[in-house]
Amino acid sequence: MATAVIMPRQGQSVESCIITKWHKKEGDAVKAGDLLFTYETDKSTFDEEAKAEGVLLKILHAEDDDVPCLENVCIIGAPGEDISAFVTAAPAEEKKEEAAPVVESATAAAPAEAVPAVKAEKAEGFVKISPRARNLADRIGIDYRYAQPTGAEGRIIERDIDAMAKAGVPETVLETGIAAEPAAAAPAAASSDATAHTDEKMTNIRKVIAKQMYHSITSTCQLTHTASFDATEIMEFRKKIKPKVEKGELNNITLNDIVMYVVARTLTHHKALNAHLLENDVMRYFEHVNLGMAVDTPRGLMVPTCFMAEKKTLNEMSGELKALAAECQTGTISPDKLAGGTFTVSNLGSLGVEHFTPVLNVPQTGILGVNNITQRIKVVNGEIKAYPCMSLSLTYDHRALDGAPASKFLKEVCNNLENFTVTLATL
C-alpha cells in the first residue's frame, strides 16, 4: 500500500520548511531508515528518513520549495501502484507553467487594454506577515510592505503577495519606493585574474540574521555602556570545583556559565531589562527570566533560550547551556528553543575581544556582551597589585529605560561577579 511522506512540524511556531536536498530520486528503491531528503527551518536543519519500504514513486516538491508543514512531500509504494489519492497539488513544473505570464503577439489586431498598476501605499513600522508570505516575497523580489493584508488581525499572508504581484505593482521596490532598474548585462571576462571572484547566494539562515540585525538597528534607540570587575574570585571558584568536575560530580562550569547564572538572578531586580518593548508602545514585563545565549555555529548565529533561568542552580544551568549549544552546532535544535527569550548574553571574550557593542535581539530591551580577561593594576593598601579584569558591555533600548537604571543593573552584575561566593549564598 502506498505511503505518503509529509513535511514534519518542527516546533509550534513553524508553518513551513524548505527542502534543501533530495537524497533519493523517483524510481529509487527505498528501505526503512534510508535518508530521503534534508529540510530546514529559519535556523535548523533536519534529515527525514523513510519509515516504509518500496519505491519512491513520486516527488511532489523539488529542492528549494517552501513546503507547508504536514503537506505531502513524496510517495513510497509498489511499482505501478495508484497514488492519485495522495497527490494533492500539481508538480512544481506545472505550477511554474501556470504562473508564467502570457505574451500577446505584437501583430495582434487589437491589443488588450493594459491593466492599470495598483497605487501601493507602504506600511510603516512593524508589519505582521506569515513566514510563507515573507519567503514568497523574497523569492519574487517584491517589498511586502506594499501588500494589502487580508489575514487575521491585519496579517499579510501568501495570497496577499500573489495578489500584489498580479496587480501590476513593481516587482522590486527599494526603500525609496522607486522600482529598481533592470540588472545590467554581465561584463565580458577580464583578461587578468585581478577581478576573479565567486558569487554565492546567502543561505536562508544568513538572510534571516541579516534582516533581524537590520531591523534591530533601524527600529530601536541603542546605547552601550561598559564596566569592568576583578575576576579573581570567579577564576578561583573554578579552580576549587575542578576536582569535582574531574570526578563527574559537577558539570564543567565555565566562566560563561557563571556570568549567565549571575545575570539571570540580577535581572529579577531590574524588570525594565527583563522585558519586551512592543510595537504599540507597550512594555511587557516578564515574571521569569528566559535567558538567551548567543551561539556561533557553522551555519550562523543562533540564540537558544534557557527558560526560567533564575530558578536553576549553577550546575543545572551549566548542563542545560551545553546541551543547547550542542543542538545548535549540529543544527538539530527545535525552533521552539530559539524563541521566547527575555534577555540575551553574547560572549566574545574567548576570541580576545576587549570591547564590543552587541546588537539587541528585538523586542528585548537589553543584551549583555562578555569581553575577555586582561591584566590590570590597582592600589591595595597602598601597594600596586595586578589583577585579572573582565569587562561587560550592556546594550539597551533607550526608549525602554534610561542610562541610570541600565547602569545600576550593570554595576550590580559586576559587583555580584566580583563577590561571587557571597552571591552564591544570597541570590
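Read the figures in this text as sums done on the coordinates, not as results from a lab. Everything numeric in this text was worked out from a predicted model, so none of it was measured. Heads up, the Cβs are rebuilt from the backbone with ideal geometry, glycines too, and the neighbour counts pull from every protein chain shown.
A few remarks follow.
- Working from label points 7 Å from Cα in the Cα-to-Cβ sense, the LEU351 to LEU70 distance is 4.0 nm.
- Modelled FRET efficiency - R0 22 Å, GLU236 with THR313, Cβ distances, 0.05 increments: 0.65
- Full extension of the chain between HIS288 and THR203 gives 27.2 nm of extra length, using 0.36 nm per residue less the Cα-Cα distance.
- Available extension along the chain between VAL422 and LYS408 is 3.2 nm, counting 0.36 nm per residue and deducting the alpha carbon span.
- Given R0 = 41 Å, the distance between the Cβ atoms of GLU279 and PHE46 translates into a calculated FRET efficiency of 0.85.
- Spatial separation of Cα centroids for the stretch 306-369 and the stretch 34-63, in angstrom: 31
- FRET efficiency estimate (nearest 0.05) - Cβ-Cβ, ALA85 to HIS225, R0 41 angstrom: 0.05
- Long-range HN-HN contacts of ASP42 with modeled amide H, under 5 Å: none
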